[in-house]
Amino acid sequence: MSAAVPTLTQPDVTVSRGRSRKPGESPYSPARILAFAALVTMAVIWLLPFLWAVATAFKTETDAASGGLSLIGESGITTEAFSSILAQGNVYIWALNSFWTSLVITFITVAISALAAYAFSRLDFTGKKWLFVAIIASIIVPPQALIIPLYYQMLALNLVDTYWGLMLPQVVMAPIVFILKKFFDAVPIELEDAARVDGASRLRVFFSVVLPLSRPILGAVSIFVFIQAWNNFLWPFLIINDTFLMTLPVGLQTVISAYGIQYAQVMAQAVLAALPLIVVFLFFQRQIVKGVATTGFGGQ
Amino acid sequence: MTDTAADRSAVAPDPQVVPDERPVVTASRARMRGQLIAWGFLAPFMVAFIMFVIWPLVHGVWLSLTDQSLTGAGGGFVGTANYSEALSDPVMWTSIRNTLWFTLISTVPLVLFALVMALLVNTGLPGQWLWRLSFFMPFLLASTVISQIWMWIFNPEIGAANALLERVGLEPIAWLQTPHMDIISITIATVWWTVGFNFLLYLAALQNIPDLQYEAAEVDGAGRWRKLFSITLPQLGPVTVVVVILQVLASLKLFDQAYQMMDGGSSETSRPIVQYIFEAGFVGYRFGYASAISYIFFALIVIVGIFQMVILSRRRENS
């Protein structure tokens, strides 16, 4: 049975360790040293801005405001900026809001997309082709072009400044339907037929045969949807005005100008906001890289 | 693709051979049942799709033909007045120009850097997880975090960027406060932020090239550069098409970091079209006018999208 289980159609980015050197080639050939030097340079350039932010967050406000290139301020390292940010408490609330709303958005998006994708892959109904074309065509519609009528709709439904108003418009992701349909198409139909002969209903087959087989792809798209929801700015920024309902990206925006020149605090806040996803990335690097690569391609 | 069980019962009894009516009735009933089941699966997505995509898309057309205000006032039909106003609005045109300029100057480095990074990482040098972390991690951060970090770096008095310039003996620059320089500064931050996504797409494509091709080339005596130009780069053609299309569409939607790094304000050389939609609708309260600009923006996306498809597919046919 495991042989029949389809695998992700995209290459597994993390398993392959890259093209290794030719047998017999010295690990210190000039070309390899040159490539290594180039790689180190680029990695340093890419890490520096973040290191800078971290370094500033650990300075006193006076040291932070004096500028310069030194990573450690004259008064040494201090966690003052972090403690004053955490004492204000809003960051916790925003992070919590971001976390659970992203989780709900991810769950609803993947659930409704998987059900629809299964219908498009396996079931027969009138207008199937046209409906699918319409959904795929909607990928070209930029969400930013819909903010005005969507906001108007939320006003009419009384959902402005509510969690549902924040979450619901984010659950329609046509590329996810497309990716999952492609995956379901590759699942051998015999597996389902066997269950159907035993008298299982469509829904039963979907939950007990199809979904378990699709765990890798469901994981991949969930990661992608979660990252998108976690980082989404424009819609949450428009729909939420209440400080206690804000997500992390929106909350941070409100204090950029409020804090003005307290650079250490601003950086401490940026670092704190970045921390959750960095930690998650360190633990789930393999799955995240695979999820993003698969979904990024699948949108095509 | 079809519901096999329903098909079997529908096809098996041929009504022309068997005069009995009963099987036909069962067949149509089975088909009805099949339709109902299918719609059961589709319903949740379709309800959300119609509510949050189709309805706003249609309602937006109506709004764009009215003088609706965010405050609830107005709403009368004004014909195409909003569109003619937008087409003669210099701010709309500069924001389209800014958007196209940003798309050009961001797409080129975002594709080239990603390619170079992926080629280097794919040589199999030690420290794979560290390279992936460095190049991809910024992509995981929220736009607000990126903006705060880069506003700090670009700070004209105490920012790191000017400290670096002074160190090498150059004049400091007011990065975000100088017209034309502001959009370039935003581009630098954007390249740092999102190059990791393209990098991953390239890396996946590179690892998909069969080893066999390289082995065959080695037998024929091909060197490192020969292999790069005759095997690797041609094989990356299809993924480059994908990366470029995705990148151009993403760059055209610029808003978050431009709005945030200009501290909620805007300049004539940095304001992208999405920000003008936002300003017209939520700062100026003119929902009708903002809807019209939304449709002009939508048209821009479609035109650029079609343009790209035509050019890139023609190029692929030629090669």
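The values are calculated or read from the model by the stated rules, or taken from the named source; none is laboratory data. Computed from a predicted structure; not experimentally measured. Here the Cβ is made from the backbone with ideal geometry for all residues, glycine too, and neighbour counts use every protein chain on show. With ligands, DNA and RNA removed, areas are computed over all heavy atoms of the protein, side chains included. Shrake-Rupley method; radii C 1.70, N 1.55, O 1.52, S 1.80 Å.
Report, in deg cm²/dmol and to the nearest 500, the calculated mean residue ellipticity at 222 nm for chain B, where each DSSP H run with n ≥ 4 adds -39500 (n - 2.57) and the sum is divided by the residue count.
The per-residue figure over chain B is -21500 deg cm²/dmol.
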- Query: Sequence-distant or interchain residues sharing an amide H contact under 5 Å with B:THR66, placed H: which?
  - Reply: B:VAL78
- For region B:20-64, the fraction of alpha-carbon pairs in successive 10 Å shells from zero, as %: 24, 26, 21, 17, 10, 2
- Note on the structure: Note on region A:226-249: residues buried by at least 10 Å² of accessible area once partner chains are added (vs chain on its own, 1.4 Å probe) come out as A:ILE227, A:ASN231, A:PHE233, A:LEU234, A:PHE237, A:LEU238, A:PRO249
- By the mean-Cβ-within-10 Å protection proxy, highest first, A:28-39, B:296-307 rank as B:296-307, A:28-39
- Query: Cross-link partners among lysines for A:LYS129, C-alpha distance below 21 Å, same-chain residues fewer than 8 apart left out?
  - Reply: A:LYS181, A:LYS182
- Ignoring any ligand, DNA or RNA, what whole percent of the accessible area of region B:89-318 comes from carbon and sulfur when the probe is 1.4 angstrom? 67 percent
- Note on the structure: Across A:281-288, the residue-averaged tally of Cβ atoms belonging to other chains within 10 Å stands at 3
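At 1.4 Å probe radius, can you tell me the per residue accessible area of the protein assembly as shown in Å²?
On the way: 27900 Å² over 619 residues.
Heavy-atom accessible area per residue stands at 45 Å².
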- Would you kindly derive the ³J(HN,Hα) couplings of region B:49-56 from the backbone phi angles with the Karplus curve 6.51 cos²θ - 1.76 cosθ + 1.60 (θ = phi - 60°), listing them in order in whole Hz, with x for Gly and Pro? 4, 5, 5, 10, 10, 5, 4, x
- Task: With +1 on each Lys and Arg Cβ and -1 on each Asp and Glu Cβ, and nothing else charged, work out how big the dipole of region B:89-318 is about its Cα centre, in Debye to the nearest 20.
- Result: 460 debye
- How many partner chain Cβ atoms sit within 10 Å of a residue's Cβ in peptide A:107-114, on average, as a whole number? 3
- Quick one: dipole size for chain A, taken about the Cα centre, charges +1 on Lys/Arg Cβ and -1 on Asp/Glu Cβ, in debye to the nearest 20. 1060 debye
- Listed peptides A:238-251, A:81-94 by packing density, highest first (mean Cβ within 10 Å): A:238-251, A:81-94
- Roughly how many Å² of A:ARG196 are accessible to a 1.4 Å probe, to the nearest 10? 60 Å²
- Task: Let me know the mean shielding of B:27-39 by other chains, meaning the per-residue number of their Cβ atoms within 10 Å of its Cβ.
- Result: 3
- Candidate lysines for bridging to B:LYS227, where Cα separation is under 23 Å - those fewer than 8 sequence places away on the same chain excluded: A:LYS22
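Listed highest first by mean packing, meaning other Cβ atoms within 10 Å per residue, what order do A:40-46, B:64-70 come in? Before the final figure, lay out each step's value.
Working: A:40-46: 15.7, B:64-70: 20.4.
Descending mean neighbour count gives B:64-70, A:40-46.
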- Query: Tell me, what is the Rg over Rh of region B:89-318, with Rh the Kirkwood radius over Cα pairs?
  - Reply: 1.04
- Select from B:VAL121, B:SER95, B:ALA30 the residue farthest towards the positive end of the dipole of the protein assembly as shown; place +1 on Cβ of Lys and Arg, -1 on Cβ of Asp and Glu, and compute about the Cα centre. B:ALA30
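Would the protein assembly as shown count as rounded, prolate or oblate if I go by the C-alpha gyration tensor, calling it rounded below 1.5 in a/c and otherwise prolate when a/b exceeds b/c, oblate otherwise?
On the way: a/c = 1.82, a/b = 1.25, b/c = 1.45.
Here the protein assembly as shown falls in the oblate category.
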- Query: By accessible area of protein heavy atoms, probe 1.4 Å, what ranking do B:TYR214, B:TYR295, A:TYR152 get, highest first?
  - Reply: A:TYR152, B:TYR295, B:TYR214
